[in-house]
Amino acid sequence: MAGIDMRNIVKKYGDGFPAVNDVSIDVQDGEFMILVGPSGCGKSTLLRMIVGLEDITSGDMMIGDKRVNDLAPRDRNLAMVFQNYALYPHLTVYENIAFPLRLAKASDQEVDEKVRAASKTLELDEHLERKPGNLSGGQRQRVAMGRAIVREADAFLFDEPLSNLDAKLRGQMRSEIARLQKRLGITTVYVTHDQTEAMTLGDRVAVLKRGILQQLATPRELYDNP
Ligand code: ADP
Ligand code: ADP
């Protein structure tokens with residue numbers, strides 16, 4: 001695990017107004033950080049710069065004590081948990097979670113130990129032989145997290161993971177993510193435009209507007225000083 005320290009990050013697309021304008025956010029090791037703001041405020045751009053899918057115009061992106069500006073995504077050891085989960089439909093839950101270990105040519109014994117430990121933590125141990133098509137949205141989300149856990153990723157990144165769900169499921173998943181994150185204690189950056197998610201999920205909330213960091217505070221502080 002590691003913290004993510006964004007220092008004076010700027011992103012310009014072409015000559016326009018910066019999409020991200022001198023943003024500094026210090027995500028602590030194990031912290032759950034929310035990035036919130038209206039559409040177009042720069043949330044996804046910031047997340048993509050953390051992951052390495054977007055070049056940084058200026059500033060320093062630190063993961064742990066390493067500057068990663070010039071590192072390829074595969075060398076950053078982060079796990080993006082995608083909205084559509086990116087699971088393999090033809091593979092079982094077990095093999096979906098095992099996938100990164102298979103790629104890394106881990107032994108069958110190591111694969112088995114890690115997959116079983118992760119699926120226990122995520123309460124998926126009874127579903128290991130099922131295929132993603134037969135799982136609920138929440139279970140699929142957990143399989144995607146399981147894949148990140150076995151890889152021992154330094155941090156989880158979520159980009160509006162709940163935005164396609166109906167209100168009821170969104171509420172359930174929200175509590176599930178909060179519960180799992182507490183239990184795993186893994187550094188998390190979570191992008192949303194939803195105020196309720198921002199105020200209930202995070203340890204701290206970074207509020208962005210037109211590329212500028214407006215506030216960086218705990219939900220309680222934001223509640224007292226809106
Ligand atoms: P959010 O995720 O908060 O909706 P984005 O990070 O997607 O915001 O976008 C921030 C700003 O950058 C917007 O003005 C958007 O139009 C612009 N932008 C995003 N991606 C690109 C791109 N690939 N090329 C040019 N402008 C972009
Ligand atoms: P593969 O997953 O088949 O090894 P990729 O090039 O898609 O090949 O990814 C290699 C590694 O790069 C992944 O295991 C992951 O660590 C990292 N990576 C690529 N894209 C992303 C992303 N969007 N979010 C997080 N990590 C990524």
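The values are calculated or read from the model by the stated rules, or taken from the named source; none is laboratory data. Bear in mind that the values here come from a model prediction, so they are computed numbers and not experimental data. Neighbour counts run over all protein chains shown; Cβ positions are idealised from the backbone, glycine included. These area figures cover heavy atoms from the full protein model, side chains too; ligands, DNA and RNA do not enter into them. Shrake-Rupley method; radii C 1.70, N 1.55, O 1.52, S 1.80 Å.
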Size of electric dipole in the chain: Cβ of Lys, Arg +1 and of Asp, Glu -1, about Cα centre, debye, nearest 20:
400
GLN195-ASN69 pseudo-label distance in nm [points 7 Å out on the Cα-to-Cβ vector]:
3.8
Calculate the length of the line joining the C-alpha centroid of segment 102-120 to that of segment 122-182, in whole Å.
19
With every protein chain kept in place and a 1.4 Å probe, the residues THR196, THR121, THR45 fall, from largest accessible area down, as THR196, THR121, THR45
Could you give the angle, 0 to 90 degrees to the nearest 10, between helix 137-150's Cα long axis and the longest principal axis of the Cα atoms of the chain?
90
To the nearest 0.05, what FRET efficiency results for SER136 and GLU113 with a Förster distance of 25 Å applied to their C-beta separation?
0.40
In percent, what relative contact order does segment 21-78 have, based on Cα pairs under 8 Å that are 6 or more apart in sequence?
22
For LEU103 and ASP22, what does the FRET efficiency come to when R0 = 45 Å and r is the distance between their Cβ atoms, rounded to the nearest 0.05?
0.75
Order by accessible surface, 1.4 Å probe, largest leading, for residues LEU91, LEU201 comes to LEU91, LEU201
Residue-normalised accessible area of the chain, expressed per residue, 1.4 Å probe, Å²:
49
How do TYR94, TYR88, TYR190, TYR223 stack up against each other in accessible area, from largest to smallest, with a 1.4 angstrom probe?
TYR223, TYR88, TYR94, TYR190
Sorted on mean Cβ neighbours within 10 Å (highest first), peptides 153-162, 60-69, 32-41 come out as 153-162, 32-41, 60-69
Roughly how tilted is helix 167-184, in degrees to the nearest 10 and between 0 and 90, from the longest Cα axis of the chain?
80
May I ask you to give the percent of accessible area on segment 72-226 that is carbon plus sulfur, with a probe radius of 1.4 Å?
49
Whole-Hz Karplus couplings 3J(HN,Hα) for segment 27-41, θ = phi - 60° and coefficients 6.51, -1.76, 1.60, Gly and Pro as x, run 7, 6, 3, x, 7, 9, 9, 9, 10, 10, x, x, 3, x, 7
FRET efficiency for ASN225 and ASP203 from the Cβ-Cβ distance with R0 = 25 Å, rounded to 0.05, comes out at 0.90
In degrees rounded to 10, the 0-90 angle between helix 93-103 Cα long axis and the longest Cα principal axis of the chain is 70
Can you send over the solvent-accessible area of VAL10, 1.4 Å probe, protein chains only, in Å² to the nearest 10?
20
I need the shape label for segment 112-192. Rule: rounded when a/c is under 1.5, else prolate if a/b > b/c, else oblate, with a, b, c from the alpha carbon gyration tensor.
oblate
Can you compute the helix-only [θ] at 222 nm over the chain? Use -39500 (n - 2.57) per DSSP H run of at least 4 residues, normalise by all residues, nearest 500 deg cm²/dmol.
-10500 deg cm²/dmol
For the peptides 16-23, 143-150, what is the packing order when you average, over each peptide's residues, the other Cβ atoms within 10 Å and list the highest mean first?
143-150, 16-23
Rounded Å value of the spacing that divides the Cα centres of segment 1-27 and segment 205-226:
16
Distance-filtered residues of segment 2-37 - backbone nitrogen under 15 Å, label point 7 angstrom along ARG210 Cα→Cβ:
16-22
Quick one: which of LYS120/LYS168; LYS11/LYS66; LYS66/LYS114; LYS120/LYS182 span more than 23 angstrom between C-alpha atoms?
LYS120/LYS168; LYS66/LYS114
Mean separation of Cα contacts under 8 Å (6+ apart) over length of segment 140-198, as relative contact order %:
45
Rounded to 5, the percent of DSSP beta bridges in the chain classed as antiparallel
50
